[in-house]
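Only one structure is covered here, and it is reproduced in the block below.
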Amino acid sequence: MTRIKDQVRPGIEEIQPYVPGITDDELRKMYGLKRVVKLNANENALGPSPKAIAAIQEELTALHHYPDGSSELVRQAIAAYHTLQLENVLVGNGSDEIIKLLSETFLNPGDEVVSPKPSFSQYGFGAAIMGANVIQVPLNEDFSYDVQRLLEAVTERTKMLYLCTPNNPTGTILTASQADWLLSRLPKHVVVVMDLAYNDYSVANKRFVEYPELFQDPRVVVLHTFSKLYGLAGLRVGYGLAHTELWEFVNRVREPFNVNRVAQRAAVAALKDESHRRRSQEHVRQSREFFSEAARGLGIGLTPTEANFALLNVRNAKRVTDLLMEHGVMVRAGFGLEDQIRVTFGTEDENQAWLEVMQHVLAAV
Ligand SMILES: *Cc1c(COP(=O)(O)O)cnc(C)c1O
């Protein structure tokens, strides 16, 4: 009898399937909890834009129709927002999909993909499914970027370089001058993917800023998502900005109806909701102060963050995370870091609940 295993493409067996964490519902049942505070996925504590919710409701009666396969209205809105052309924009089923599409477009088995460490796990996933090798370049001890080291990791075989700013899970940024330094030295055969999932939360004056001229360089791709600032993680919509020529190839591997109707409508509405965006940014600013104050009070270190989450130093992070969960507070440990937990900023109430449980848990371990 043929074994399925023998029919599978080389390398697939080595990929670890994505293991979703326990859901808030499962946790509630497991410990008989009344309330679960979900601070483990960098979601927007304020929820979706009310304008997006209204647009979604209006769209429901049209769900028997296929979506616009080119996501034209969303791309128009995004192009106007960034002062770019329609052709510079590609919309995806989350920016996760765009990472996969870029990997499928560019990577051959044996190619190399350079990424910071620790950083977002999807970069490695995209490489793995194509049989490419990920070269992870450690950030500095304080989790700032070491651009010299990143450049040194680039070889003849390097096809893609990922830069995530602010970086997930550290919250640290690639500065504008570091980005310029790298872009001016990188060989032409490297596609640079700048993942700006959290950039709209960043207030540092040295942060990387996308300027329209950037996209005259066909090697550069910038990724954005509606999952964080816009509070639409459950709908799955993200976008990429790049030179037209690059998208012409990526569009050949994209599924015809990759972004559903509801997501398209919601994205257009959310982008226009200036008030929700402002409130979300303001909430994150206030939460940053709360968390640095809380860390000081708890006597633990915190990496200064430009995102909507904080990386906190705690010994035995895995154990602390488990204990927090038992008390109904979900945070994340892992990322190859043994003594750090990542905590997403919640509502004022949720942040306070986290602090109380954290005091209790730290006293117990
Ligand atoms: C959350 C996140 C994304 C967004 O992914 P979506 O697929 O758009 O939900 C992208 N990059 C990073 C670094 C993230 O943390």
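The values are calculated or read from the model by the stated rules, or taken from the named source; none is laboratory data. Since the structure is predicted, the reported quantities are computational estimates derived from the model, not experimental observations. Note that each Cβ is placed from the backbone with ideal geometry, even for glycine, and that neighbours are counted across all protein chains shown. Remember, those area values only see protein heavy atoms, side chains included, never the ligands or the DNA or RNA. Shrake-Rupley method; radii C 1.70, N 1.55, O 1.52, S 1.80 Å.
Per the conditions (1) away from the ligand (no atom under 16 Å from the Cβ); (2) touching a Phe, Trp or Tyr at 6+ places or on another chain (Cβ under 8 Å), the sole criterion not satisfied by L235 is (1).
Listed by first and then second residue, the pairs linking a residue in region 227-251 that is in a helix (DSSP H, G or I) to a residue that is of a type in the set (V, I, T) and modelled with pLDDT of 95 or more, with Cβ atoms under 6 Å apart and 6 or more places separating them unless they lie on different chains, are F249/T105; V250/T105. Residues in region 24-60 that are charged (D, E, K, R) and within 16 Å of the ligand (Cβ to nearest atom) were compared, and the one that is farthest from E356 (Cα to Cα) is E43.
Of all residues in region 109-119 being outside any strand (DSSP E or B) and either open to solvent by less than 50 Å² (accessible area, probe 1.4 Å) or free of Cβ contacts under 8 Å to residues at least 40 places away in the same chain (or both), which is nearest to K188 (Cα to Cα)? Here the residue is D111. Within region 120-144, the set of residues being of a type in the set (G, A, S), open to solvent by 20 Å² or more (accessible area, probe 1.4 Å) and closer than 20 Å to S95 by Cα comprises S121, G124, A128. Sort out which residues of region 293-318 are open to solvent by 40 Å² or more (accessible area, probe 1.4 Å) and either farther than 27 Å from L33 by Cβ or in contact with a helix residue (DSSP H, G or I) (Cβ under 9 Å, 6 or more places away or on another chain) (or both), and write them in order of number. Across region 293-318, the qualifying residues are R296, G297, G299, L302, P304, N313. Can you pull out every residue in region 198-230 that is within 15 Å of the ligand (Cβ to nearest atom) and either hydroxyl-bearing (S, T, Y) or crowded, with 24+ Cβ neighbours inside 10 Å (or both)? Result: Y198, N199, Y201, S202, V221, L223, H224, T225, F226, S227, K228, Y230.
No other residue among R279, R265 is away from the ligand (no atom under 13 Å from the Cβ) and surrounded by fewer than 23 Cβ atoms within 10 Å (Cβ to Cβ) apart from R279. Remark: pairs (first residue in region 1-17, among the β-branched types (V, I, T); second residue part of a helix (DSSP H, G or I) and surrounded by 10 or more Cβ atoms within 10 Å (Cβ to Cβ); Cβ separation under 8 Å; 6+ apart in sequence or on different chains) = I12/I129; I15/F125; I15/A128; I15/I129. Only a single item in (1) in contact (Cβ under 8 Å) with a residue 24 or more places away in the chain; (2) of a type in the set (A, V, I, L, M, F, W, C); (3) open to solvent by less than 20 Å² (accessible area, probe 1.4 Å) is not met by A79, and it is number (1).
Please determine, by comparing only the residues of region 181-197 that are in a loop (DSSP other than H, G, I, E, B) and more than 16 Å from the ligand (Cβ to nearest atom), which one is surrounded by the fewest Cβ atoms within 10 Å (Cβ to Cβ). For region 181-197, the residue satisfying everything is K188. Against the conditions (1) over 14 Å from L232 (Cα atoms); (2) touching a helix residue (DSSP H, G or I) at 6+ places or on another chain (Cβ under 6 Å); (3) not in a helix (DSSP H, G or I), S70 satisfies every one except (2).
Just one of the numbered conditions (1) in contact with a strand residue (DSSP E or B) (Cβ under 6 Å, 6 or more places away or on another chain); (2) open to solvent by less than 40 Å² (accessible area, probe 1.4 Å) is not true of R157: (2). Residues in region 26-67 that are in a loop (DSSP other than H, G, I, E, B) and closer than 16 Å to A233 by Cα: 11 in all. Report yes if L84 is surrounded by 14 or more Cβ atoms within 10 Å (Cβ to Cβ), within 16 Å of the ligand (Cβ to nearest atom) and aliphatic (A, V, I, L, M), otherwise no. The answer is no for L84.
As a summary of the residue check, T155 satisfies the conditions (1) closer than 23 Å to N205 by Cβ; (2) part of a loop (DSSP other than H, G, I, E, B) except for the one numbered (1).
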